[in-house]
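Just below is one structure, and these are the notes that go with it.
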Amino acid sequence: MAGGKGERFWPRSRISNPKQLQKVYSDRTLLEETFLRARSITDANRIFVGCNAELKRAILKTHKMIPASQFVVEPEGRNTAPIIALAALQFEKKFPGATHVVLSADHYIAPPEKFQATLKTALAAAAAGWLVTLGVRPNRPEIGYGYIKAGAKMKGSGAHAIDSFVEKPDLERAKSYLGAGDFFWNSGIFIWPGRLILEEFERYAPEILAPLVGAGASAARLKQVFPKIPSTPVDIAILEKSQRIAMCPAEFAWDDVGSWLSLERIVPPGEGGNRTVSRRKKPALLASLSSRNNLVVADKELVALLGVDDLIVVEEPDGLFISRRDQIDRIKELLAELRKNPSLQKYLK
């Protein structure tokens, strides 16, 4: 799944060149990283990208390893349930009886070997007839993620029954989940038999599946019905209702790369806790004096900091973004202000 605008990574991310097409934490784009991750568990001709037609064109220009025939194209973004149902219908025709692995193009996962080992466990559970989601053991009291409360371990499997799905908590509840041992972050990585997920859509979300079945292979008909389909996450549409749901604990490090602050959990700190991120293969040189906990995203050879703390600085050829660390969650408010000014709107595109 490679849809979404990625506004929280402005000014690097733009409408025509969103986050998943950006080199955020390495010299490869987020989509490239995800493609290579998928390539480690399946053949290249079985990797498909879900997005809209405009984004497909942008991907084809910059990501030559993905053929034009390997896309699932949605007329517009309607959250995750509709695109997953659309993909499941198409895959059941192309690869009847196959197991589907649903990945997001904006995740950080390391190391690859532990990802592959976790998928092996999840694929075995899926083969036994389960819809499997991967849960990540929390390492901080995170209020921005949904949680899964794990139930008993399934006999003869590395998977667990799911006691409940838990909405994003407040800080006190997140702290209690951290020490409980049976709460996991919901990673949004899913593994299931294609036929089973279609059965569950038919049972629990026919208002999503039926219009897609009716549209058939007609792109024009799909364009007509898709905007009328409920915009719903697959978690709410299917997983929270299904009796065939299981969870496998992820054995790898994971982050959803949701904002510039995510890089503090991915990029090792330098002197004073300062971090630099560059698209250049050679990392920037960092010189700092009386400066702590700053993140600088720039393609310069040298980053020098003097007497500044807790700043996020992002340099682009046509602009410079500077924010206090504790204000970064307001970036969408800033973009809303840019939209109000006709002379500034070009910096969003």
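The values are calculated or read from the model by the stated rules, or taken from the named source; none is laboratory data. Quick caveat: nothing in here was measured; it's all calculated off a predicted structure. When we count neighbours, we look across all protein chains shown, and the Cβ atoms used for this are built from the backbone with ideal geometry, even at glycine. What goes into the accessible areas is simple: the full protein's heavy atoms, side chains included, and nothing from ligands, DNA or RNA. Shrake-Rupley method; radii C 1.70, N 1.55, O 1.52, S 1.80 Å.
Results, tabulated for the structure shown:
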quantity: Exceeding the 27 Å Cα-Cα cut-off - candidates 120/241; 223/349; 94/349; calculated: 94/349
quantity: For the chain, accessible area per residue (1.4 Å probe, heavy atoms of protein chains only), Å²; calculated: 49 Å²
quantity: 0 to 90° range, to nearest 10: angle between helix 331-340 axis and the chain longest Cα axis; calculated: 80 degrees
quantity: Three semi-axes of the equivalent ellipsoid, the chain, Cα gyration tensor, whole Å, largest first; calculated: 35, 25, 19
quantity: Taking the chain and dividing mean pair separation by its residue count, relative contact order in percent (alpha carbons under 8 Å, at least six apart); calculated: 19 percent
quantity: For the stretch 25-34, 3J(HN,Hα) per residue [Karplus equation, 6.51 cos²θ - 1.76 cosθ + 1.60, θ = phi - 60°, Hz, x = Gly/Pro]; calculated: 10, 8, 8, 10, 5, 4, 5, 4, 4, 5
quantity: Accessible-area composition of the stretch 54-152, carbon plus sulfur, in percent [1.4 Å probe]; calculated: 56 percent
quantity: Neighbour cut-off at most 14 other Cβ (10 Å), DSSP loop, chymotrypsin sites (Phe, Trp or Tyr not before Pro), the stretch 45-152; calculated: none
quantity: Amide H within-cut-off set for residue 288, under 5 Å, with H built and near neighbours excluded; calculated: 305
quantity: Rg and Dmax of the stretch 301-349, Cα atoms only, in Å; calculated: 13.0, 36
quantity: Cβ-based charge dipole, the stretch 263-345, positive-most Cα from 323, 341, 278; calculated: 278
quantity: Most to least packed among 184-191, 240-247 [average Cβ atoms within 10 Å]; calculated: 184-191, 240-247
quantity: Accessible surface of residue 306 - all protein chains present, 1.4 Å probe, nearest 10 Å²; calculated: 130 Å²
quantity: Vicinal HN-Hα couplings computed from phi for the stretch 56-64 (Karplus, 6.51 cos²θ - 1.76 cosθ + 1.60; Hz; Gly/Pro x); calculated: 4, 4, 5, 5, 5, 6, 10, 10, 5
quantity: GluC sites (Glu not before Pro) within the stretch 254-310: DSSP coil, no more than 11 neighbouring Cβ in 10 Å; calculated: 301
quantity: Test item: Cα-centred dipole of the chain, Lys/Arg +1 and Asp/Glu -1 on Cβ, debye; calculated: 840 debye
quantity: Part-to-part distance (alpha-carbon centres) for the stretch 112-135 and the stretch 57-94, which is given in Å; calculated: 23 Å
quantity: Other-chain or far-sequence residues with amide H under 5 Å of residue 135's (modelled H); calculated: 248, 250
quantity: Calculated FRET value between residue 241 and residue 348, using beta carbons and R₀ = 35 Å, to 0.05; calculated: 0.40
quantity: Rg [Å, one decimal], Dmax [Å, integer] - the stretch 145-296, C-alpha atoms; calculated: 21.5, 64
quantity: Expected 222 nm ellipticity per residue - DSSP helices of 4 or more, -39500 (n - 2.57), all of the chain, to 500; calculated: -8500 deg cm²/dmol
